[in-house]
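Peer 1: A single structure is presented below for examination.
The values are calculated or read from the model by the stated rules, or taken from the named source; none is laboratory data. Computed from a predicted structure; not experimentally measured. Glycine also receives a Cβ, built like all others from the backbone with ideal geometry; neighbour counts cover every protein chain displayed. Accessible surface is based on the protein model in full, side chains and every heavy atom, while ligands, DNA and RNA are left aside. Shrake-Rupley method; radii C 1.70, N 1.55, O 1.52, S 1.80 Å.
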Amino acid sequence: SKRTQAKAKTRSRILVSAKILFEAEGFELVTIEKIARLAEVSMPTIYALFQSKRGILRALLDEALPPDQFN
């Protein structure tokens with residue numbers, strides 16, 4: 001559905017933005033606000049999808065190292 005596609009695009013934009021910021025500034029200095037600004041989404045959207053900055057990092061790690069790859 002269009003809604004599912006939009007959610008996937010939003011999630012992807014957030015992850016790409018977070019990765020850029022984490023690489024440029026380091027995890028500790030990046031805020032949810034900075035990620036939201038770069039991804040052009042609201043902070044509540046990020047919290048709804050990932051719950052926290054750690055949740056974003058977990059999602060990035062899962063993309064880089066898919067859990068099923070190690071089964």
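Peer 1: Six or more apart or on different chains, Cβ under 9 Å: which pairs go from a residue in segment 47-67 that's more than 14 Å from ILE32 (Cβ to Cβ) to one that's aliphatic (A, V, I, L, M) and open to solvent by less than 40 Å² (accessible area, probe 1.4 Å)? Could you list them?
Peer 2: LEU60/LEU15; LEU60/ALA18; GLU63/LEU15
Peer 1: Taking segment 1-11 on its own, how many of its residues are modelled with pLDDT of 95 or more and open to solvent by 60 Å² or more (accessible area, probe 1.4 Å)?
Peer 2: Residues flagged as modelled with pLDDT of 95 or more and open to solvent by 60 Å² or more (accessible area, probe 1.4 Å) within segment 1-11 amount to 2.
Peer 1: Then there is this: Enumerate the pairs (first residue in segment 24-45 and under 19 Å from LEU61 (Cα atoms); second residue anywhere and part of a loop (DSSP other than H, G, I, E, B)) with beta-carbon separation below 9 Å, excluding pairs fewer than 6 apart on the same chain, so at least 6 apart or on different chains.
Peer 2: Pairs found: ALA24/VAL30; ILE32/SER52; ILE35/VAL41.
Peer 1: Output the residue which, of all residues in segment 12-71 that are at pLDDT 95 or above and outside any helix (DSSP H, G or I), is least open to solvent (accessible area, probe 1.4 Å).
Peer 2: Only one residue tops the list, namely VAL30.
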